[in-house]
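Contents: one structure, followed by commentary.
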Amino acid sequence: MKLYGIVGAGGHGRETAPLAERWLRGPDGPGGGEVVFVVEDKYFVSSEPLNGRRVLRLSDFLAEPAEQRYFNVAIADSRVRERIADSIAPALALPFSIVADNHVRLDNSTVGEGAIFSSFSQLTSNARVGRFFHANFYSYVAHDCVIGDFVTFGPGAKCNGHVVIEDHAYIGAGAVIRDGTQRPVVIGKGAVVGMGAVVTKSVPAGATVVGNPAKILRR
């Protein structure tokens with residue numbers, strides 16, 4: 001049997017596991033396999049089942065006999081996500097993406113490995129998305145956007161066309177990034193766009209912006 005590990009048993013992991021199971025059984029899925037929760041060894045507390053699914057130490061998951069092992073990292077902290085993703089050798093487990101059955105994706109967009117597209121999320125045309133992207137429910141990426149690696153969109157985050165979002169940026173719940181067709185909008189590496197912010201111009205790397213229009217709170 002194939003084994004699908006959701007690394008992270010917190011809130012996002014518990015929201016993601018059912019989506020993975022629906023994908024496995026759906027018309028675009030492989031048709032079989034077990035979804036389990038995976039916790040790093042140093043944080044492992046209990047092997048009691050969680051929401052009806054087994055909970056394994058990361059070392060046990062990587063050693064458990066299986067036809068093939070796959071993993072995703074359902075942890076909001078992008079630096080932790082990167083560390084875990086890069087620590088798992090391809091010979092032991094391969095990344096897989098998780099896509100809700102009501103996610104909408106249009107044509108000519110590309111997505112890197114390990115993405116999570118939650119319920120009611122949308123990716124439109126001619127966009128490029130990097131590795132281990134998280135799109136929470138009701139968030140969207142519009143046409144011609146370029147999204148880096150380990151980027152996180154909170155629930156309802158809205159990225160309109162021709163926007164560049166660099167690696168490890170966090171776009172908070174309900175935030176809106178205006179279209180960059182007439183004036184380029186770049187969200188710098190590691191920047192944080194606060195909940196409900198309305199971004200009308202570029203955000204420097206590492207800065208936090210809040211408000212409408214969004215202004216720098218700190219760097």
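At 4 °C and 1.567 mPa s, grab the translational diffusion coefficient of region 99-209 from Stokes-Einstein with a Kirkwood Rh over Cα pairs, rounded to a whole number in µm² per second.
Reported coefficient: 99 µm²/s.
Stokes-Einstein diffusion of region 2-107 at 37 °C, 0.692 mPa s viscosity, Kirkwood radius from Cα pairs, rounded to a whole number: 233 µm²/s.
The long axis of helix 11-25 is offset from the longest Cα principal axis of the chain by roughly 70 degrees. Placing +1 on the Cβ of every Lys and Arg and -1 on the Cβ of every Asp and Glu, with no other charges, gives the chain a dipole of roughly 760 debye about its Cα centre.
Ordered by the number of other Cβ atoms lying within 10 Å of each residue's own Cβ, fewest first, PHE153, PHE96 fall into the sequence PHE96, PHE153.
Highest mean packing comes first when the peptides 2-15, 134-147 are listed by Cβ atoms within 10 Å, giving 134-147, 2-15. Here's the list of lysines a cross-link from LYS42 could span, going by alpha-carbon distance under 30 Å and ignoring same-chain residues fewer than 8 apart: LYS2, LYS189. For the chain, the longest principal axis of the C-alpha atoms and the axis of helix 78-87 are separated by about 40°. Within the straight-line cut-off of under 13 Å between alpha carbons, the aspartates and glutamates reachable from LYS158 are ASP179, sequence neighbours fewer than 8 places apart in one chain being disregarded.
Each reported figure results from applying straightforward, stated rules to the coordinates on display, with no laboratory input. Everything numeric in this text was worked out from a predicted model, so none of it was measured. In this analysis, Cβ positions are derived from the backbone assuming ideal geometry, glycine residues included, and neighbour counts consider all displayed protein chains.
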